[in-house]
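Participant: Pasting a structure below so you can have a look.
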Amino acid sequence: MNRLETLSVILCGVGLGVGLAGGWMEMPALAWAGWAMAYVFGGWAGVVAGFASLRRATVDIDLLMILAALGALAIGAPFEGAMLLFLFSLSNLLQDVAIDRSRSAIRSLMTLRPDAARVRRGSADAERWVETPLGEVEVGDVFRVVPGERLPLDGQVVAGTGEVDQATLTGESMPVAKAVGDRVYAGTMNGSGSLDVEVTRREAESTLARMIALVEEAQSEKSQTQRLIDRWEQPYAACVIGGTALLFALGPSLYGGSWSEAFYRAMTAMVAASPCALVISTPATVLSAIAAAARSGVLFKGGVHVETAGAVRAVAFDKTGTLTAGRTRYLGADMLADLDENQALALAAGVQAHSEHHLARAVVAAAADRGLTPALARAFRAVPGLGVHAEVESAIVHLGNPRYFAQRRSPSVHRALRAIEERRARGETAVLLAVEEPGAAGPRALAVFGFQDVLRPRARETVERLRRLGVGDIAMLTGDHAEVGHRLAAEAGIQTVHAEMLPERKMETIRELVVAHGTVAMVGDGVNDAPALAAASLGVAMGAAGTDVALETADVVLMSDDLTKIPAVLELGRRARGVLVANLGLALVVIFVMLGFILTVGLPLPIAVVGHEGSTVLVCLNGLRLLRWRA
């Protein structure tokens with residue numbers, strides 16, 4: 001908050017009080033000194049802003065208020081003009097306080113990060129821990145945090161175990177257990193145990209830093225309503241000035257009386273019609289919503305997305321990693337050649353070690369659990385939505401679904417499809433492992449692997465809450481077989497399933513949903529769902545702490561894996577839209593009611609001033625109520 005602005009408001013109020021006291025004591029010199037003080041300190045900022053707008057050939061609210069105050073002074077009503085300037089400057093100050101409160105919720109995040117880290121230096125024989133400014137810590141350095149300390153940077157635990165409170169980033173209410181290999185993030189609190197962490201991102205690239213930057217960017221991006229108001233502010237202000245001049249010119253003939261009375265009525269109408277409350281109603285509401293969401297680990301990447309969330313009528317979920325926990329279980333293998341399951345698993349693990357796909361992680365984990373050594377693979381290549389292949393010794397090893405092998409048919413592959421269908425009929429995800437020897441007519445099937453996804457515990461609750469919010473169509477999009485998709489959808493309470501979909505087809509389906517429903521949210525993991533997220537009216541990436549692609553592609557980013565935050569996002573959007581409607585309605589009603597009285601029976605200028613500035617303060621306070629929202 002600007003201290004000079006605060007002092008100006010105080011001195012303007014003092015001048016108003018001195019003017020009133022001088023009038024009451026019948027001391028004209030004292031009264032006029034007070035009025036002059038009120039005009040100078042209450043109007044100097046408006047004069048500067050008004051002249052700046054005139055140089056740009058535009059008209060703004062500051063200019064309207066200055067003209068109204070000077071008009072009141074010209075007709076011998078200095079008290080009304082001084083009160084107008086005092087209340088106008090006071091309401092501007094309160095607006096700044098309201099906006100500053102919403103922004104301070106974000107700025108407070110910056111205080112969560114320590115200024116230095118305890119970094120390991122020296123050799124293993126002469127190891128020492130040195131307090132190092134964050135700007136000097138490089139990727140690959142190792143720092144240590146003890147219980148009760150905040151983590152200074154993003155990294156991966158290399159030694160120690162403990163629990164970390166991640167509420168500042170993800171909004172999770174309970175601490176998360178951390179062990180060797182787990183990711184940790186800057187700004188979170190180490191609760192128990194000492195952790196040694198290898199730095200994976202420098203200070204400026206940490207999840208916390210990117211989160212702050214994204215929210216600050218979102219606060220500067222205007223919502224649809226605000227853009228509409230900004231577009232009409234200039235024409236509206238010009239109409240107010242034109243209407244004021246017309247009312248003054250026609251006043252004596254319409255209402256009788258003197259030119260002074262006509263000018264008084266015209267100035268009163270100018271004050272009543274000024275759009276202060278209209279202009280401030282939207283940013284106060286939207287910024288409060290963005291700040292409240294950020295505290296709960298939800299990032300809106302622009303004010304426009306807050307309003308869009310409130311209009312969502314259909315939601316499409318990606319299956320793997322979104323509705324399911326992303327921890328696919330390896331169930332076993334049907335062997336089709338002269339090797340055992342462990343040999344097949346080691347061969348598949350060597351190829352899948354280069355992939356980030358959830359099935360790849362399940363294969364690698366199963367091989368590790370059995371103590372198997374993965375085969376050495378090179379020249380790895382993935383075909384999105386279909387499968388992968390790589391070179392192992394002199395052969396090419398393929399791992400994929402039936403569509404992957406559609407162009408790689410052979411008699412043994414054809415026979416393997418029956419085993420895949422049998423596993424799919426049981427609701428499993430099945431893939432085929434095959435090897436293509438040099439000079440062979442086609443790949444030779446080795447094994448069919450079976451996997452099963454686990455639905456997130458609160459998936460069904462999330463779907464039910466979405467329906468209670470009025471979401472009419474909830475769909476699942478998956479690249480898996482239809483039987484697998486329908487089994488999981490039934491568990492989650494979802495009726496519409498789009499199965500066996502490549503990323504391009506997911507995007508087309510989202511576009512079809514947009515045509516059918518108007519406003520559609522797509523919820524995915526932000527990696528292979530990027531085209532669909534971009535095509536949706538509202539792209540929501542979940543579990544995105546530390547995921548670069550999610551932060552870039554989605555409109556809304558959920559930093560945790562909590563599905564229940566999705567209906568919470570839509571609820572916040574609906575609340576924000578409700579507050580916007582209420583604020584705009586209040587501002588317009590006050591304007592039209594006061595203008596009605598002014599044009600019919602007349603209205604004293606002080607009442608118009610109080611109504612105008614009072615409505616401005618009310619819409620600010622109403623918007624600030626959203627700061628109390630929690631996911």
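The values are calculated or read from the model by the stated rules, or taken from the named source; none is laboratory data. These numbers come from a predicted model, not from an experiment. Cβ: placed from backbone, ideal geometry, glycine included. Neighbour counts: every protein chain shown. Just the protein is used for accessible areas: all its heavy atoms, side chains included, with ligands, DNA and RNA removed. Shrake-Rupley method; radii C 1.70, N 1.55, O 1.52, S 1.80 Å.
Participant: Modelling each spin label as a point 7 Å along the Cα-to-Cβ direction, I'd like the R128/S194 distance in nm, to one decimal.
Facilitator: Distance between label points: 1.7 nm.
Participant: Residue by residue, what Karplus-based ³J(HN,Hα) values in Hz, rounded to whole numbers, does the stretch 332-345 have, using 6.51, -1.76 and 1.60 with θ = phi - 60° and x for Gly and Pro?
Facilitator: Going residue by residue, I get x, 9, 9, 7, 10, 8, 8, 8, 8, 5, 5, 5, 5, 5 Hz, with x marking Gly and Pro.
Participant: With axes computed from alpha carbons, what is the tilt in degrees of helix 503-517 against the longest principal axis of the chain, rounded to the nearest 10 within 0 to 90?
Facilitator: The answer is roughly 40 degrees.
Participant: For the stretch 334-406, what class follows from the C-alpha gyration tensor (a ≥ b ≥ c being the square roots of its eigenvalues): rounded when a/c is under 1.5, otherwise prolate if a/b is larger than b/c, else oblate?
Facilitator: Note, shape of the stretch 334-406 comes out rounded.
Participant: Once you have a ≥ b ≥ c as the square roots of the Cα gyration tensor eigenvalues for the stretch 475-516, tell me rounded if a/c is under 1.5, and otherwise prolate or oblate according to whether a/b is larger than b/c.
Facilitator: Because a/c hits 1.5 or more and a/b fails to exceed b/c, the stretch 475-516 counts as oblate.
Participant: Can you pull the percent of the chain's accessible area that's carbon plus sulfur, 1.4 Å probe, other chains left in place?
Facilitator: 58
Participant: Spin-label point model (7 Å from Cα, Cβ direction): what's the A440 to A395 distance in nm?
Facilitator: 0.5
Participant: Mind ordering 441-451, 252-262 by average Cβ neighbours within 10 Å, highest first?
Facilitator: Averaged packing, sorted descending, gives the order 441-451, 252-262.
Participant: Another question about this same structure. Contact order normalised by length for the chain, with contacts defined as Cα pairs under 8 Å and 6 or more residues apart; what percent is it?
Facilitator: Rounded, it is 15 percent for the chain.
Participant: Okay, next question. Along the charge dipole of the chain, pointing to its positive end and built from +1/-1 on Cβ of Lys, Arg, Asp and Glu, which listed residue (Q343, A311, A116) has its Cα farthest out?
Facilitator: Result: A311, furthest along the dipole toward the positive end.
Participant: For mean projected area of the Cα convex hull in nm², pick the label among (1) 37.1; (2) 26.0; (3) 32.8 that corresponds to the value derived from the coordinates.
Facilitator: Matching entry in (1) 37.1; (2) 26.0; (3) 32.8: (1).
Participant: Here is a further query. Quick one: if you stick a label point 7 Å off each Cα along the C-beta vector at L469 and L599, how many nm between them?
Facilitator: According to this spin-label approximation, the distance is 4.2 nm.
Participant: Going toward the positive end of the dipole of the chain, with +1 on Lys and Arg Cβ and -1 on Asp and Glu Cβ, which of P503, I598, L558 do you reach last?
Facilitator: Result: I598.
Participant: OK, next. Taking the Cα centre as origin and putting +1 on Lys and Arg beta-carbons and -1 on Asp and Glu beta-carbons, what dipole magnitude results for the stretch 488-627, to the nearest 20 debye?
Facilitator: 760
Participant: Right, next: Across the chain, how many lysine pairs, 8 or more apart or on two chains, come within less than 29 Å at their alpha-carbon atoms?
Facilitator: Lysine pair count for the chain: 10.
Participant: Moving on to the next point. If the only charges are +1 at each Lys and Arg Cβ and -1 at each Asp and Glu Cβ, what is the size of the charge dipole of the chain around the Cα centre, to the nearest 20 debye?
Facilitator: 1020
Participant: How big is the charge dipole of the stretch 331-446 about its Cα centre, in debye rounded to the nearest 20, if each Lys and Arg gets +1 on its Cβ and each Asp and Glu gets -1 on its Cβ?
Facilitator: Charge dipole, the stretch 331-446, about its Cα centre: 420 debye, nearest 20.
Participant: Can you give the FRET efficiency to the nearest 0.05 for E341 and A311, using r as the Cβ-Cβ distance and R₀ = 56 Å?
Facilitator: So the FRET efficiency works out to roughly 0.60.
Participant: Full extension from M27 to A365: what is 0.36 nm times the residue separation minus their Cα-Cα distance, to one decimal in nm?
Facilitator: Here the segment from M27 to A365 would lengthen by 112.7 nm.
Participant: Using θ = phi - 60° and the Karplus form 6.51 cos²θ - 1.76 cosθ + 1.60, what ³J(HN,Hα) does each residue of the stretch 179-195 get, whole Hz, x for Gly and Pro?
Facilitator: 9, 4, x, 7, 7, 9, 10, 4, x, 7, 9, 7, x, 9, x, 8, 10
Participant: Keeping every protein chain present and rolling a 1.4 Å probe, give me the accessible area per residue for the chain in Å².
Facilitator: I get 43 Å² per residue for this part.
Participant: Now for a separate question. Normalising by the residue count of the stretch 1-45, find the relative contact order in percent from Cα pairs under 8 Å and 6+ residues apart.
Facilitator: Contact order relative to length: 42 percent.
Participant: Can you figure out the FRET efficiency of L54 with R625, using R₀ = 41 Å and their beta-carbon distance, to the nearest 0.05?
Facilitator: 0.65
Participant: Rounded if a/c is under 1.5, else prolate if a/b is larger than b/c, else oblate: which is the stretch 447-578, with a ≥ b ≥ c the root eigenvalues of its Cα gyration tensor?
Facilitator: rounded
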